[in-house]
Amino acid sequence: MFKEHISIFCLAMFSLVFLIVIGKVLQLRELFLGLDVGILEMLKLFGFLIPAVLLMIIPIATMLSVFLTFLRMSSDRELVALKASGVSLYQLLPAPVVFASLCTLLTLWVSMFGISWGMDNFRTSVLELAQTRAKVVLQPGVFNKSIPNLMIYSRSSSLATGELEHVLVQDTSRDSGGVTIVAPTGKIISDTKMGEIRFVLNNGKLYRQDNNEISVLGFNRYTVRLALSQLVKGVHLGKLRPSGMSYPQLQAIKNDPSLAESESFIRKTDVEIPKRWAMPFACLVLGLFAMPLACAFEGMRQQMGVVMALGNFLVYYSLLSISMKSGEGGSGISPSISLWIPNILFAGLAIAGLYFTAKERTINLTSMITHVMFLRRKDKGGGTCRS
């Protein structure tokens, strides 16, 4: 049973990750086209994004593997043969419990450290690619207009160091009017934490036009900030969100709210902390819930079984999403309680289901569904004959 859990789990993980990667390709197509990303760089970026989706995929795969294993055993009458041999359902618990516990530990590591590792490396890689692109587009002796709201000219530039000489920048991002900056030297710098590229200019002059007047301001150091959201479309690269932080970072904000930028950021942190614990333990809860559920759907084809299992997970995730939205809105029950309600509910259903299944007092839902469909077809057929 444990080997079958593993094999179905690997198949489910591969299928779900593949589907999500296809969706991410469509979502990030502007990023890949804008930065001219190659195949190897694209695979590396997707590798960094995978830990963020594993937090949801592993519980689904755990539930599917246990559900499909017991559905096959139930449909092939293996469970009936085991019961006839004196083996109770409780004696079959060690394999799914050990398997679900291992999945819980794996998800816990992803939750605490894997997500932040992947997001940090993803942001750093995209920043490096964007900085390289910004250096490439700054061809010496050419008025470069490929960066939104900026026109940049430099007599000479270094692709290796990002150093610029004899720089002219026209910034039209301000509503009040354009600003023209002239400086003898400058440099391109990337900031991973802020998600931006900076053009640092030295010992120059700033020319601002206001109606018919032009004001001139000298400076020792002037920085033009370019948010990567303007240069890279389809991905958030601004300030780090709670969903991309490690658990120690979230705890630091919890202990010292002054580190947060807003009240909304604090509420999202309060939601993210219990979520990082609730999702890993969902593997154990949903794995146990899948055992009696599979016995209730005895005789159902595995294709339909997958749909039923995903439907039950959708119910679980809907309850979790409602709790998260309630916590982020600052209303209702505390997130540290509400985010555990789906786990408590499904754990109660799992315990009750195991008890009644062991006593052979469960309802065969497959027979009920088949019977209802047969009656509906019969009523439709009878109505046709009478007409």
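The values are calculated or read from the model by the stated rules, or taken from the named source; none is laboratory data. Everything numeric here is computed off the predicted structure, so don't read it as measured data. Ideal geometry is used to build each Cβ from the backbone, glycine not excepted, and the neighbour counts take in all protein chains shown. Remember, those area values only see protein heavy atoms, side chains included, never the ligands or the DNA or RNA. Shrake-Rupley method; radii C 1.70, N 1.55, O 1.52, S 1.80 Å.
Annotations for the structure displayed:
- For the stretch 119-143, the candidate set comprises residues that are closer than 16 Å to residue 163 by Cβ and open to solvent by 60 Å² or more (accessible area, probe 1.4 Å); within that set, the residue that is modelled with the lowest pLDDT is 136.
- Within the stretch 317-327, being within 17 Å of residue 243 (Cβ to Cβ) and open to solvent by 60 Å² or more (accessible area, probe 1.4 Å) holds for 317, 325.
- Applying the criterion of at least 1 residues that are closer than 27 Å to residue 356 by Cα and open to solvent by 20 Å² or more (accessible area, probe 1.4 Å) to the helices (runs of 4 or more DSSP H) found wholly in the stretch 1-115 leaves 2-27, 39-75, 78-84, 94-109.
- Of all residues in the stretch 188-207, exactly one satisfies the criterion of being at pLDDT 85 or above and of a type in the set (D, E, K, R), namely 205.
- Close pairs from the stretch 162-173: first under 11 Å from residue 140 (Cα atoms), partner surrounded by 20 or more Cβ atoms within 10 Å (Cβ to Cβ) and modelled with pLDDT of 85 or more, Cβ under 7 Å, at least 6 apart: 164/186; 167/183; 167/186; 167/201
- Members of the stretch 252-262 found to be modelled with pLDDT of 85 or more and not polar (S, T, N, Q), listed by number: 252, 253, 254, 256
- Close pairs (7 angstrom Cβ cut-off, 6 or more residues apart or separate chains): at pLDDT 85 or above and of a type in the set (A, V, I, L, M) in the stretch 237-251, part of a loop (DSSP other than H, G, I, E, B) and open to solvent by less than 20 Å² (accessible area, probe 1.4 Å) anywhere: none
- Tally of residues being at pLDDT 85 or above and over 15 Å from residue 217 (Cα atoms) across the stretch 167-183: 1
- Subset tally (residues that are open to solvent by 60 Å² or more (accessible area, probe 1.4 Å) and under 36 Å from the mean Cα position of the chain (by Cα)) for the stretch 150-172: 4
- Top-ranked residue in the stretch 144-163 [being aliphatic (A, V, I, L, M) and within 17 Å of residue 185 (Cβ to Cβ); ranked as modelled with the lowest pLDDT]: 159
- Any hit, the stretch 297-316, residues being modelled with pLDDT of 90 or more and open to solvent by 60 Å² or more (accessible area, probe 1.4 Å): yes
- Here the helices (runs of 4 or more DSSP H) wholly within the stretch 272-364 that include at least 2 residues being under 15 Å from residue 63 (Cα atoms) and either in contact with a helix residue (DSSP H, G or I) (Cβ under 6 Å, 6 or more places away or on another chain) or in contact (Cβ under 8 Å) with a residue 60 or more places away in the chain (or both) are 302-328, 341-358.
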